[in-house]
Number of protein chains: 2
Amino acid sequence: MLTSVLTDELPRVLADPLRARIVEALAGEELCPCHLVAMTGARQTNISNHLRVLLQAGVVEAEPAGRYTYYRLRPEALAELARHYAALAERAGLTPRRRRPCS
Amino acid sequence: MLTSVLTDELPRVLADPLRARIVEALAGEELCPCHLVAMTGARQTNISNHLRVLLQAGVVEAEPAGRYTYYRLRPEALAELARHYAALAERAGLTPRRRRPCS
DNA sequence: CGGTTCAATCAGCCAATGCTGACATCAGTT
DNA sequence: AACTGATGTCAGCATTGGCTGATTGAACCG
């Protein structure tokens, strides 16, 4: 079975609780790491590491602004994953209860 | 910030590559562990462990049938997560580029 | 009954990864 | 330049969690 970034990397990146909180915070507005540190109580180093993971996965994008760096969400990434799960749910819901015989 | 099963447990459960393959396989038809062992190449013990995780998370449900046990997907779980991600994406897409000043 | 097969549980191993402290870098300020 | 504050990077530690072998129980069949 073929694996893809959609079934492997994106879900794994979004599965971490702290990263999920960061994503939710960024859904409302652009934020700097300093804001996220204040909002979550996590250390700056920790936030920076998670932002790097989110960046490499294409979930967020960064825009340096002088001394600060603003991060914003890339809605396409979340929308793509949402469509994937919705498609699975629909396929499972529509499929009649077919059973493959055992051996 | 309040956490929920939707932002913590469900994504974590679906993030594992082997569990993702199981979920995709179950989206098409009901299957027994023996089928999943054959399809994935994983050991029976491993499949059984993952099915237990999926069961406890409400992603699948089991129906014992004599010597076999058929598993099927619960589409509501996937649909709920899909709606969650879609809502985040929509909120991020609609929100004007608001920026909170840095302290 | 045994014997066989499917499935679940358990303890142990180990790789993956989240967290941290220490340090480096850069921008703005005085 | 020197200082401060915001960010990023790196190595090490510690925990999580996936994988396995061994064992057990249950359901079928001779």
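The values are calculated or read from the model by the stated rules, or taken from the named source; none is laboratory data. Given the structure is predicted, the values throughout are model-derived calculations rather than measurements. Every residue, glycine as well, gets a Cβ built from its backbone with ideal geometry; the counts of neighbours run over all protein chains shown. Surface accessibility is based on the protein's heavy atoms, side chains included, excluding ligands, DNA and RNA. Shrake-Rupley method; radii C 1.70, N 1.55, O 1.52, S 1.80 Å.
When the range B:58-76 is filtered for residues that are touching an Asp or Glu at 6+ places or on another chain (Cβ under 8 Å) and within 11 Å of DNA strand D (Cβ to nearest atom), only B:T69 remains.
Tell me whether the range B:58-65 contains one or more residues that are open to solvent by less than 40 Å² (accessible area, probe 1.4 Å), more than 10 Å from DNA strand C (Cβ to nearest atom) and in a loop (DSSP other than H, G, I, E, B).
Within the range B:58-65, one or more residues are open to solvent by less than 40 Å² (accessible area, probe 1.4 Å), more than 10 Å from DNA strand C (Cβ to nearest atom) and in a loop (DSSP other than H, G, I, E, B).
Taking (1) touching an Asp or Glu at 6+ places or on another chain (Cβ under 8 Å); (2) open to solvent by 40 Å² or more (accessible area, probe 1.4 Å) in turn, A:A20 satisfies each apart from (2).
Of all residues in the range B:38-57, exactly one satisfies the criterion of being within 13 Å of DNA strand D (Cβ to nearest atom), open to solvent by 40 Å² or more (accessible area, probe 1.4 Å) and within 11 Å of another protein chain (Cβ to nearest Cβ), namely B:G41. When you scan the range A:77-95, how many residues do you find that are within 8 Å of chain B (Cβ to nearest Cβ), of a type in the set (A, V, I, L, M) and within 18 Å of B:A27 (Cα to Cα)? So the count comes out to 6. Number of residues in the range A:14-35 that are outside any helix (DSSP H, G or I) and of a type outside the set (D, E): the value is 2. Here B:G41 does not fit the description of being at pLDDT below 95 and more than 18 Å from A:A15 (Cβ to Cβ). The sole residue among B:R98, B:R74 that is within 7 Å of another protein chain (Cβ to nearest Cβ) and either more than 17 Å from A:A15 (Cα to Cα) or open to solvent by 40 Å² or more (accessible area, probe 1.4 Å) (or both) is B:R98.
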